[in-house]
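Here the structure is laid out as structure tokens; the discussion comes afterwards.
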Amino acid sequence: MRRGTIPGSSGHVRPMRLLGDRGLSAPCDEVTEFGADLAALVEDMFATMYAHGGVGLAANQIGVPLRVFVYDCPDDEDQRHLGHLVNPRLVAADGVSVRGPEGCLSVPGIEAGTPRFDEAVVEGLTVLGEPVRVHGTGFFARCLQHECDHLEGGLYLDHLTGLRRRRALRAARRAPWAVAG
Ligand SMILES: [Zn+2]
């Protein structure tokens with residue numbers, strides 16, 4: 001990605017993996033090669049995220065089992081956060097736990113009030129292998145926690161309990177994209 005270019009503008013939109021896809025429930029592998037293939041993956045991830053109107057996307061959502069995610073996400077003060085993380089580690093998630101609306105490009109059309117910490121710090125690398133530390137609050141902290149979950153094979157639905165969980169799972173079963181059986 002050259003300075004000044006719009007992320008994703010040279011990328012290709014890839015098919016989105018949906019709830020029920022096995023790759024979404026398996027932990028992703030560490031990235032060990034920082035080359036053109038990784039840069040191209042990040043570009044494709046931005047293109048795919050923008051095409052679907054998302055604020056974040058993890059690599060396993062397009063069927064690539066690597067520890068990479070991208071984001072273009074506002075926080076609660078409407079400050080925009082744009083970037084990507086390779087081999088991210090959620091090093092801190094604290095503050096108050098806030099229940100707020102959350103959705104996922106792999107569970108399209110469904111939202112549920114999901115508890116998340118109000119602050120999150122993630123450390124990882126850029127596509128060039130340079131260390132980076134990202135601090136998020138509010139909705140952006142929610143996004144960071146959501147994407148880190150994906151790379152562990154998790155989904156936001158895992159954080160729901162009781163009636164909220166039953167409702168969301170029922171809506172997913174009845175969704176037009178749901179896999180029969
Ligand atoms: Zn998601």
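Here's the yes/no breakdown for (1) crowded, with 19+ Cβ neighbours inside 10 Å; (2) more than 29 Å from P176 (Cα to Cα); (3) in contact (Cβ under 8 Å) with a residue 12 or more places away in the chain:
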{"position": "G20", "(1), (2), (3)": "no, no, yes"}
{"position": "P27", "(1), (2), (3)": "no, no, yes"}
{"position": "T32", "(1), (2), (3)": "no, yes, no"}
{"position": "A36", "(1), (2), (3)": "no, yes, no"}
{"position": "F46", "(1), (2), (3)": "yes, no, yes"}
{"position": "A51", "(1), (2), (3)": "no, no, yes"}
{"position": "G54", "(1), (2), (3)": "yes, no, yes"}
{"position": "I62", "(1), (2), (3)": "yes, no, yes"}
Exercise for the section: Among the residues of the range 130-169, write down those that are closer than 19 Å to L82 by Cβ, more than 13 Å from the ligand (Cβ to nearest atom) and buried (at least 16 other Cβ atoms within 10 Å of the Cβ). Expected result: V134, G136, T137, G138, F139, F140, A141
Exercise for the section: Please state which one of A51, A26, A92, A47 is in contact with a helix residue (DSSP H, G or I) (Cβ under 9 Å, 6 or more places away or on another chain) and more than 15 Å from T126 (Cβ to Cβ). Expected result: A26
Fill in the blank from the handout: Taking the range 114-129 and keeping only residues that are within 16 Å of the ligand (Cβ to nearest atom) and among the small types (G, A, S), one is left with A120
Exercise for the section: Scan the range 138-164 residue by residue and report those that are free of Cβ contacts under 8 Å to residues at least 12 places away in the same chain and over 19 Å from V122 (Cα atoms). Expected result: D158, T161, G162, L163
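All of the numbers you see were taken from the coordinates with simple rules; none came from a lab. Note that the coordinates shown come from a computational prediction; the quantities given were computed from them, not determined experimentally. FYI the Cβ positions are ideal-geometry reconstructions off the backbone, even for glycines, and counts take in every protein chain you see.
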